[in-house]
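Data block below; observations after.
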Amino acid sequence: MKQDVRDLKEDLIAENKERATTKMQSVNEEKSSYRQIFKATSLFGGVQVFNIIIGIVRVKFVAVLLGTTGVGIMGLLNAPIQLIISITGLGIAFSAVRDVSEAHGNSDMVGIAKSVMTLRRWAWLTGLLGSIVTISLAPVLSKWSFGNADYTWAFVWLSVTLLLYSLTEGQKAILQGTRRLKDLAKAGVLGSALGLVTAIPLYYFYGLEGIVPSMIASSIIALILSWNYSRKVSVQNVHLSLRETRDRGFDMAKLGVSMTLAGFLASLSTYLLSAFISNHGGVEQVGLYNAGWGVVGQYTGIVFTAMATDYFPRLSVIQSDNQKIRVLVSQQAEAALLIMAPLLALLIVTMPLAVRVLYTEAFLPIVMFANLTVLGMQFKAVSWAMGYVFLAKGDGRIFLILEIVSGILILTLNLLFYYFYGLNGLGVSFILSFIIGSLIGYLVLNRKYGFFYPKKFYGRFATTYGLVLMSFLSVFILNVLVKYIVGICLLVLIVLYSYGQLNKMIDIKQMIRDRLKRK
């Protein structure tokens, strides 16, 4: 009997140890996932900030050296080029990330090699197609953009940038899919810096005639950098017939075309809204709308760029496991909310200053519109986290249907609210659009894949959104001193809350100690 009791005790102790070990492993895995999200956001958030600064410096130099005419020419040259890229590129680079990521996550070296070879061949094909289309339409593009044929040869020369861009995006997709995020970030930062350094002398010595050479030089620099880093990726030598290349490429293009159509619909919706604003409020209102959206979009791009670069490949690796997808989506959404909340509160408090720095005092009427738009950004983060699931699973049809439905809804709300309430009405319509979009995405994911958010997510969302909303309400305080004191106090409170929650997730102090030890 005593032996039986002793054996029972030992079994219970062993079972408890096993449970504790399993629980500890689960906690460590969760912390590791949150840390990856935080690191990626820090890395590509920094890249985004650097690119914003480079963009501001570039615009200043263009304005000083080339004047408003130079700014206008660059815009008129770039717009049709980007449109052709979006159509002829077929979204191959984006969809290839999914295939490379899945093969890399499964340590399938043959799969990686075949995906990379397919991507590189199709990058040449789509790039050459874009160049041929640009050359063929050069006279038409010149006439549409400038009202004459004077810039026909400019478009002919720029046709080479479509091939260079396609090859560059293919190399970046390889880096993204194989999780070489630091190399991808380095290529982006160096490309922006060297592009600026190359462009300034061309603007200075050749004036308006230096615009086209500067655009070509930037494309060449981007290709050299992306190739330099992507060649470090170890890829096996495999045989891939032209037929298999065609079939694998078509599979990539199916998802890519859905992305292309979705992007085209978004551009069309933006154009229709701009035209409506122009007809009812004038060209100045269009400028204010673009400026307000630009301030918020650039700022929050710190989070969304990281989400697109790091989150999508990770999601692609586990796309067949709905349980793992549910966990990762929840983690990404929670981390995005906690990182974004202090940034949004800071933007609200400093919005008048930000507008003055980026533009001039003439743009101060956009402050309220931009602040209203800020209130929709947390819903956008949640919506994006869910939206990538359809892309990771390769379900382009559902993704496209949702984009069409949400696009029609957003455009309708924007037109109605602008018509009745002006620019500030657009801010309200953005909030409603993001809320409704999040609900639609959640319902579809829940029904198709059994997705749901854990309870802790709703608590963190309610807290962060409530604090950001209070920051927004503080701008209505009439006394300027009191307004800024309250705004700063709320900002400190949000920072403390976000830090506390993030520390629970990733143990920030330990992460810093680990990094210092490695260095």
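A few notes on this one:
- Surface per residue (accessible, 1.4 Å probe) for region 113-161, Å²: 52
- Positive end of the dipole of the chain (Cβ unit charges, origin at the Cα centre): among A333, F420, S166, the Cα lying farthest that way belongs to A333.
- Dipole size of the chain about its Cα centre, with +1 on Lys/Arg Cβ and -1 on Asp/Glu Cβ: approximately 1260 debye, rounded to the nearest 20.
- Share of carbon and sulfur in the accessible area of the chain stands at 66%, probe radius 1.4 Å.
- Selection from Y497, G249, T260 lying farthest towards where the dipole of the chain points positive, charges on Cβ: Y497
- 5 Å binning of all Cα-Cα separations within region 62-191, expressed as whole percents from 0 upward: 2, 11, 17, 16, 16, 13, 10, 7, 4, 2, 1, 0
- The magnitude of the dipole of region 247-354, with charges of +1 and -1 set on the Cβ of Lys/Arg and Asp/Glu and taken from the Cα centre, is near 160 debye.
- Residue-by-residue Karplus 3J(HN,Hα) for region 366-373, coefficients 6.51, -1.76, 1.60, Hz, glycine and proline x: 7, 4, 5, 4, 5, 5, 5, 4
- For region 162-250, applying the loop criterion from DSSP together with a ceiling of 11 other beta carbons within 10 Å to the trypsin sites (Lys or Arg not before Pro) yields R231, K232.
- Extension gain, T412 to T350, is 19.2 nm, computed as 0.36 nm per intervening residue step minus the present C-alpha separation.
- Modelled this way, with points 7 Å down the Cα-to-C-beta line, the labels at W124 and F205 are 3.4 nm from one another.
- Here is the tail figure for the chain: Cα pairs spaced more than 44 Å apart come to 19 percent of all pairs.
- The modelled label-to-label distance between V357 and V49, using points 7 Å beyond Cα along the C-beta direction, is 1.0 nm.
- Scalar couplings 3J(HN,Hα) for region 140-150, obtained by applying the Karplus form with A = 6.51, B = -1.76, C = 1.60 to θ = phi - 60°, are 5, 4, 4, 5, 5, 7, 10, x, 7, 9, 4 Hz; x denotes Gly and Pro.
- Estimated FRET transfer efficiency when R0 is 30 angstrom, pair V482-V57 (beta carbons, to 0.05): 0.25
- The modelled label-to-label distance between D247 and W227, using points 7 Å beyond Cα along the C-beta direction, is 3.1 nm.
- Within region 369-414, trypsin sites (Lys or Arg not before Pro) in DSSP loop having at most 14 other beta-carbon neighbours inside 10 Å: none
- Once the Cβ-Cβ distance of W157 and K448 is raised to the sixth power relative to R0 = 41 Å, the FRET efficiency obtained is 0.30.
- Exceedance of the 31 Å cut-off in Cα-Cα distance is limited, within the set K114/K380; K232/K504; K186/K393, to K114/K380; K232/K504.
- Rotationally averaged projected area of region 337-492 (alpha carbon convex hull; nm²): 10.7
- With a Förster radius of 25 Å applied to the beta-carbon distance between L493 and Y458, the computed FRET efficiency rounds to 0.80.
- Between N237 and V327, residue separation times 0.36 nm minus the direct Cα-Cα distance comes to 28.8 nm.
- In a simple Cβ point-charge model (Lys, Arg +1; Asp, Glu -1; nothing else charged), region 202-300 has a dipole of about 440 debye relative to its Cα centre.
- Cβ-based charge dipole, region 192-253, positive-most Cα from G195, I221, N237: N237
The values are calculated or read from the model by the stated rules, or taken from the named source; none is laboratory data. Just so it is clear, the structure is predicted and the values come from calculations on it, not from any experiment. Here Cβ is always computed from backbone atoms with ideal geometry, including for glycine, and neighbour counts include all displayed protein chains. Protein only, heavy atoms only, side chains kept; ligands, DNA and RNA dropped before computing areas. Shrake-Rupley method; radii C 1.70, N 1.55, O 1.52, S 1.80 Å.
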